[in-house]
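Where a number appears in this text, it was derived from the coordinates with a stated rule and is not lab data. As the structure is a computational prediction, the values presented were derived from the model and not from experiment. For neighbour counting, all protein chains shown are included, and Cβ atoms are generated from backbone atoms with ideal geometry for every residue, glycine included.
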Amino acid sequence: MGHATYGKPEITFLPGGKRVPAGEGETIFDAARAAGVPIASSCFSEARCGSCLVRVVRGAESLGKIRIDEKDHLPGPGYRLACRARVFGPVAVERMRDPGESLPLPPGGRA
């Protein structure tokens, strides 16, 4: 699968240290939402807006490979889109955009 696992899938959101369990292969976005942790998004988790950008602080090896639809939104190494990064072990991330700052939807309502 291209990733190493070092324990059960769990996401720590920094700052603050809130820990969220994740199902193996679940995206950071889906696990966060299920646990009530807000993640910015304007494209309904379709990797179009880049709002859900996170910086991976620890555990990059516990995430699935970067997908082609994710690459254009990444400013450099160490960043992932929460809607595309699949969790296979413990990871710590920092949200790069305040959830209240989601990009506005274009006319028609969908990105």
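Between R58 and E24, what is 0.36 nm times their sequence separation minus the Cα-Cα distance? Round to one decimal in nm. Walk me through the numbers before you get to the answer.
Numbers: separation 34, 0.36 × 34 = 12.24 nm, distance 1.73 nm.
Separation in residues times 0.36 nm, less the Cα-Cα distance, equals 10.5 nm.
Mind running the shape call on region 1-103? Use the C-alpha gyration tensor, a ≥ b ≥ c as the square roots of the eigenvalues: rounded below 1.5 for a/c, prolate if a/b tops b/c, oblate otherwise. Could the numbers behind the result be given before it?
On the way: a/c = 1.59, a/b = 1.20, b/c = 1.33.
Oblate, because a/c is 1.5 or more while a/b does not exceed b/c.
Among the chymotrypsin sites (Phe, Trp or Tyr not before Pro) in region 1-79, those placed in a DSSP loop whose Cβ has at most 12 other Cβ atoms within 10 Å are Y6, F44.
Note on K8: aspartates and glutamates with a C-alpha under 17 Å away, same-chain residues under 8 apart excluded, are E24, E26, D30, E61. With the cut-off at 15 Å, report for region 36-81 the share of all Cα pairs above it, as a whole percent. The share of Cα pairs beyond 15 Å in region 36-81 comes to 43 percent.
Under a plain spin-label model, where a point goes 7 Å from the Cα along Cα-to-Cβ, how far apart in nm are K65 and E94? In this crude label model, K65 to E94 measures out at 2.9 nm.
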